[in-house]
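Chemist: Have a look at this one.
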Amino acid sequence: MIGGFDMKLTQKLARQYHKANKKTKGQILSEYCRLTEVSRNNASKRFCKQAKDIYPRVLPTEVGNRRGPRKKFNSTHVSIVKECWELSGGICAERLHPMLNIYIDQLETARLLEAYSKDKVSMTRTISVATLKRIISSFPRTSSKKHKGSACLYKQIPIVAHFGQFSDRPGFVEIEHSGGNSSGLFVVTGSYVDIFSGWVARAAGLGKNLASVTRINNLAHTRIFHPLLHYHPDNDKTILKVLFERMMKNKKGQDSPFILSRSRPYQKNDNAHVEQKNDDKVRKLVGYYRYDTEQEVKLLNLLYEKSDLLDNFFIASAKLEEKIRDGKGRVIKRVHDKPKTPYQRLMECSELSPDIRRKLKSIYDSLNMIVLRQEINKILQKLYEIQTRGSRKLIMS
């Protein structure tokens, strides 16, 4: 807040400041800062604001006055360069420049430059490499390396933004593959979550290559006992390829068909259920260590096998039923249902066949929660000993 004295002084010195030369401006700023005890930066901002509010003609408003030499090449020359650049397949300026005259000759022979005057075409031939680089940098790239050769695969798999809408029946699974430090070969964990029941299946593999992800996918499916109707992974091309090839085989009658979709790129909330499980069921279980040996893969898969049984048959979770909002749309309360285990939710589901119910019941009767917890702790101790024996540091994923 500017006081009465400061305001009057600011108004008085604003016109002097903007009409003065550089040396005088510095003197005015110094005197103003001494009297008002404000910083030079703050004083300069005050002068600019006063000049705009009270003396609008003090500041120049002309747009056309640009410093430096006048532009030699206009939009017509840019259009000619773009014709040559597209003809070359979008190469860089360093490769395009020595061939520019040849490309222009080819375009003139094909009568593709008749819309441009000869003077403009001749002048385009004299463009320097630096100007050519600046012009080409403004062109939109026609080919993106985002999918790295898998564009056809991505085009055939539709995007579903809000997969949580299918949480009213079993068989709709979100998939995520996560790992730690990405330098070299490292262990990744594949998480499969049924969004209706919360049933989770985890498996580990060394690397994200096709063979490793295929083994992870096959191993995870051995821990899911009800039929799966719809897969919804992220945009990792390896798991998309594995599931897409499996979907094509199923359509030929080799197995029960299913639907395959994917989340939007860089939108993790499209797979919110599996992202939450990645934190609760993976990172909190095995930590943030870097695992990169076959021995650790075997121990992790054994750990996930025991932990899946414990989480799916004995650990209850609550599902969100409703969000209560106030008049401004802010969430003030979340209403959840009664906590149940994934096993209980599947057994209560009317769509599950009697055979699957009997199989789940037999597995449940054969389990002992105390024994599972003891086995999990033993495996975690072995993993910890391997990490400490190698003197490895914690690596955040």
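The values are calculated or read from the model by the stated rules, or taken from the named source; none is laboratory data. Predicted, not measured: the structure shown is a model, and the values here were computed from it. Reconstructed Cβ throughout: ideal geometry from the backbone, glycine too, with neighbour counts over all protein chains shown. Accessible surface is based on the protein model in full, side chains and every heavy atom, while ligands, DNA and RNA are left aside. Shrake-Rupley method; radii C 1.70, N 1.55, O 1.52, S 1.80 Å.
Chemist: Report, to two decimal places, the Cα Rg of the chain normalised by 2.2 N^0.38 Å (N = number of residues).
Modeler: On the way: Rg = 33.2 Å, N = 397, 2.2 N^0.38 = 21.4 Å.
Rounded to two decimals, the normalised Rg is 1.55.
Chemist: Next question, about the same structure. Over region 243-397, what is the relative contact order in percent, taking alpha-carbon pairs closer than 8 angstrom and at least six residues apart?
Modeler: About 24 percent, as a whole number.
Chemist: Follow-up. With each run of n ≥ 4 DSSP H residues scored as -39500 (n - 2.57), what mean residue ellipticity at 222 nm is computed for the chain after dividing by its residue count and rounding to the nearest 500 deg cm²/dmol? Don't skip to the answer; put the middle values down first.
Modeler: Numbers: 16 runs with 188 residues, N = 397.
That calculation yields -14500 deg cm²/dmol at 222 nm.
Chemist: In whole percent, what relative contact order does the chain give with Cα contacts below 8 Å and a gap of six or more residues? Before the final figure, lay out each step's value.
Modeler: Details: 466 pairs, mean separation 49.3, N = 397.
Once normalised by length, the contact order is 12 percent.
Chemist: Which of the peptides 282-290, 344-352 is most tightly packed, and how do the rest follow, judged by the mean count of other Cβ atoms within 10 Å per residue?
Modeler: 282-290, 344-352
Chemist: Okay, moving on. Can you tell me which of Gln156, Gln11, Gln295 moves the most in a GNM of the chain? Springs connect C-alpha atoms under 10 Å apart.
Modeler: Gln11
Chemist: Tally up the carbon and sulfur contribution to the accessible surface of the chain as a whole percent, 1.4 Å probe, everything protein left in place.
Modeler: Here carbon and sulfur together make up 52 percent of the probe-accessible area.
Chemist: Consider a paramagnetic label point 7 Å from the Cα of Asp280 along Cα→Cβ; state which residues of region 198-213 have an amide N under 20 Å from it.
Modeler: Residues 198-203 fall inside that zone.
Chemist: Output the peptides 165-177, 71-83, 19-31, 222-234 sorted from most to least packed, where packing is the average of other Cβ atoms within 10 Å over each peptide's residues.
Modeler: Details: 165-177: 20.2, 71-83: 15.5, 19-31: 12.3, 222-234: 18.5.
Top of the packing list down: 165-177, 222-234, 71-83, 19-31.
Chemist: Tell me, what is the per residue accessible area of the chain in Å², probe radius 1.4 Å?
Modeler: 61
Chemist: What is the packing order of peptides 193-200, 85-92, taking the mean over residues of other C-beta atoms within 10 Å and listing the highest first? Please report the intermediate quantities before stating the final value.
Modeler: Working: 193-200: 25.1, 85-92: 14.4.
Result, highest mean Cβ count within 10 Å first: 193-200, 85-92.
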